[in-house]
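Notes to accompany the following structure.
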Amino acid sequence: MDWELLPVVEFTNYSKKWQDLNKKLTDNLPILEPDFIAPLIHYFAHNNEILAIGKINNTITAIGIFQKINFFTWQSFQPSQAPVGLWLCPKNYTTLALKSLIKKLPGFILKIDVLHQDPNIIRLVTKNHIEIIDYIKTGKLNAHQSFETYFQSLGKNQRQNYNKANNRLIKQKTEVKFDIVTDDKKIHQAVEEYGRIESMSWKNTLGTSVNINNQQGQFYDDMLSKFAKNKNAQIWKYFYNEKLVAIDLCIKNTKQLIILKTTFDNEFSRYSPAINMKIDALKILLNDKKLEYVEFFGKTLPWHQRLNSIDRTMYHFSFYRYPLLLNIKQIFVKFKTLNRS
């Protein structure tokens with residue numbers, strides 16, 4: 001495979017080629033669409049990343065974005081806002097592609113790490129040059145069912161908690177309102193509201209909360225606005241009377257919806273507004289019968305399990321220039337494990 005290495009800012013010139021591969025290999029996964037990737041690059045790249053374009057007989061067969069980690073290692077560009085690795089390549093060409101890319105990248109490279117891979121997209125196994133490392137469990141929900149069937153499949157405690165919260169609110173004469181923002185002109189305000197609520201959470205203490213004035217907030221504002229222009233952004237908002245108590249940021253296509261970010265006002269935590277909002281949203285989505293599944297893509301948490309998330313294990317993989325290096329590492333790890341036991 002022949003490789004062309006370009007500055008990452010060239011991505012916009014190859015966005016159509018990227019999307020062609022995304023459609024072919026992932027059935028058009030929204031978080032690998034150019035409208036998601038271009039803002040990632042704009043807000044989080046350091047301009048030393050490389051856009052690598054692999055061709056066979058002058059046809060683009062593989063494409064990825066990579067950054068140098070040290071003298072011997074490159075890895076896929078992986079800002080925390082990207083749920084999956086920025087790498088598109090057919091499974092049967094993976095070894096061929098990386099064997100040629102490792103020789104093309106600047107320096108004498110011994111290893112390429114490709115992060116955050118989804119087994120639903122490509123399922124690799126450890127062999128020869130390739131090492132597989134488990135990453136996180138993530139989950140999704142099957143949308144091929146009625147809401148009534150889905151709700152009855154939830155645990156007894158979850159059903160009771162949902163009903164109890166709603167009954168308490170009714171007794172308090174609190175109106176529950178659920179709104180879905182899809183208009184690109186309303187995205188900015190919704191992201192601003194999301195940031196206001198998240199800034200009151202523990203994430204603000206760690207400096208990881210979304211704020212309309214920080215890079216994260218600007219990324220979500222830009223990216224969601226792009227998706228909204230094609231009616232593929234949804235921001236879920238949950239109100240008690242006129243008080244906004246929970247909000248989710250989502251993107252979609254014709255088959256799936258991905259919940260990217262979720263937050264709620266901790267003052268109302270006794271009512272579980274974030275999870276109850278999702279149940280109300282699922283009532284609409286499942287009854288519409290337009291989607292095949294709802295994806296979370298984050299690390300599986302207790303609330304995912306309460307919603308009957310179907311888990312799978314995402315993984316990283318490393319490609320070694322020489323299989324001997326992988327063998328030596330495996331022996332060393334095995335020896336270290338034996339010594340611990």
(request) Identify all residues within the stretch 4-33 that are open to solvent by 40 Å² or more (accessible area, probe 1.4 Å) and farther than 20 Å from N232 by Cβ; write none if there are none. (result) E4, L5, P7, V9, E10, N13, Y14, K17
(message) Please verify whether L96 is in contact (Cβ under 8 Å) with a residue 40 or more places away in the chain and open to solvent by 40 Å² or more (accessible area, probe 1.4 Å), treating the condition exactly as stated.
(response) yes
(request) Please verify whether the stretch 185-194 includes one or more residues that are hydroxyl-bearing (S, T, Y), at pLDDT below 95 and closer than 19 Å to Y43 by Cβ. (result) no
(request) Test D179 against the criterion of being of a type in the set (D, E) and under 30 Å from Y315 (Cα atoms), and give yes or no. (result) no
(request) Return yes when V294 is within 26 Å of Q19 (Cβ to Cβ), of a type outside the set (S, T, Y) and open to solvent by less than 30 Å² (accessible area, probe 1.4 Å) and no when it is not. (result) yes
(message) Tell me yes or no: at least one residue of the stretch 300-316 is of a type in the set (D, E, K, R), assigned to a helix (DSSP H, G or I) and surrounded by fewer than 18 Cβ atoms within 10 Å (Cβ to Cβ).
(response) no
(message) For the stretch 248-264, check the following and say yes or no: at least one residue is open to solvent by 80 Å² or more (accessible area, probe 1.4 Å) and either in contact with a Gly (Cβ under 6 Å, 6 or more places away or on another chain) or in a helix (DSSP H, G or I) (or both).
(response) no
(message) Looking for something free of Cβ contacts under 8 Å to residues at least 40 places away in the same chain, surrounded by fewer than 21 Cβ atoms within 10 Å (Cβ to Cβ) and among the basic types (K, R) - is there at least one such residue anywhere in the stretch 40-63?
(response) no
(message) I'm trying to understand the selection: among the residues of the stretch 106-140, which are open to solvent by 50 Å² or more (accessible area, probe 1.4 Å), of a type in the set (A, V, I, L, M, F, W, C) and at pLDDT 90 or above?
(response) F108, I121, I133
(request) For I279, state whether it is at pLDDT 95 or above, more than 17 Å from Q145 (Cβ to Cβ), buried (at least 18 other Cβ atoms within 10 Å of the Cβ) and aliphatic (A, V, I, L, M). (result) no
(message) K334 - would you say it is in contact (Cβ under 8 Å) with a residue 40 or more places away in the chain, assigned to a helix (DSSP H, G or I) and surrounded by fewer than 17 Cβ atoms within 10 Å (Cβ to Cβ)?
(response) no
(request) Sort out which residues of the stretch 260-284 are of a type outside the set (A, V, I, L, M, F, W, C) and under 19 Å from the mean Cα position of the chain (by Cα), and write them in order of number. (result) K261, T262, T263, K278
(request) Give me the pairs, please: first residue somewhere in the stretch 10-24 and more than 14 Å from E49 (Cβ to Cβ), second residue anywhere and charged (D, E, K, R), beta-carbon distance under 8 Å, and either six or more positions apart or on two chains. (result) Q19/E33; N22/E33
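The values are calculated or read from the model by the stated rules, or taken from the named source; none is laboratory data. It should be emphasised that the depicted structure is a prediction, and the values quoted were computed from it without experimental measurement. Here Cβ is always computed from backbone atoms with ideal geometry, including for glycine, and neighbour counts include all displayed protein chains. To get the accessible areas, we keep the full protein, side chains included, count just its heavy atoms, and leave off ligands, DNA and RNA. Shrake-Rupley method; radii C 1.70, N 1.55, O 1.52, S 1.80 Å.
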